[in-house]
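K.L.:
Here's a structure for you.
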Amino acid sequence: MITDQCISVTDLKKDMNATLKNLKKDKFIFVNNAPVAVLMDVKKYEQIMKESNVLNYERKLKARKAIRK
């Protein structure tokens with residue numbers, strides 16, 4: 001993790017609007033110096049989910065073809 005991508009939950013609470021407006025890179029949210037969550041742009045999240053769904057579909061399709069052989 002890069003330090004400019006890390007933010008404590010306390011700092012996030014203090015300046016939520018600015019953090020969200022300036023969200024160019026993912027932010028790793030820390031509680032008690034431990035990472036607990038990731039804050040990311042919605043478009044990036046949707047792209048990740050779309051790619052994940054495509055990969056899962058391809059795996060299932062491959063498994064079905066293997067069963068048919």
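K.L.:
Run the helix sum for the chain: -39,500 (n - 2.57) per DSSP H stretch of 4+ residues, divided by residue count, reported at 222 nm to the nearest 500 deg cm²/dmol.
P.N.:
-18000 deg cm²/dmol
K.L.:
Whenever you get a sec, compute what percent of the accessible area on the chain sits on carbon and sulfur atoms (1.4 Å probe).
P.N.:
It is 56 percent, rounded to a whole number.
K.L.:
Give the lysines whose C-alpha is closer than 18 Å to that of K43, dropping any in the same chain fewer than 8 places away, or say none.
P.N.:
K21, K24, K25, K27
K.L.:
Next question, about the same structure. With θ taken as phi - 60° and the coefficients 6.51, -1.76 and 1.60, list the Karplus ³J(HN,Hα) couplings across the stretch 9-17 in order, rounded to whole Hz; mark glycine and proline as x.
P.N.:
With the stated coefficients, the stretch 9-17 comes to 5, 5, 5, 5, 4, 5, 9, 4, 4 Hz.
K.L.:
So if I restrict to the alpha-carbon atoms in the chain, what is the Rg, and what is Dmax, the biggest pairwise distance, in Å?
P.N.:
Cα-based Rg and Dmax for the chain come out at 18.1, 59 Å.
K.L.:
Continuing with the same structure: On a 0 to 90 degree scale, rounded to 10, what angle separates helix 42-68 from the longest Cα axis of the chain?
P.N.:
20
K.L.:
Charges at C-beta only: +1 for Lys and Arg, -1 for Asp and Glu. How large is the resulting dipole of the chain about its Cα centre, in Debye rounded to 20?
P.N.:
With only Lys, Arg, Asp and Glu charged at Cβ, the dipole is about 760 debye.
K.L.:
Residue by residue through the stretch 25-36, what is 3J(HN,Hα) from phi via Karplus (6.51 cos²θ - 1.76 cosθ + 1.60, θ = phi - 60°)? Round to whole Hz and write x for glycine and proline.
P.N.:
10, 4, 10, 8, 8, 10, 10, 6, 6, 10, x, 10
The values are calculated or read from the model by the stated rules, or taken from the named source; none is laboratory data. In this text, all values refer to a predicted model and were calculated from it rather than measured experimentally. In this analysis, Cβ positions are derived from the backbone assuming ideal geometry, glycine residues included, and neighbour counts consider all displayed protein chains. Only protein heavy atoms, including side chains, enter the accessible area calculation; ligands, DNA and RNA are left aside. Shrake-Rupley method; radii C 1.70, N 1.55, O 1.52, S 1.80 Å.
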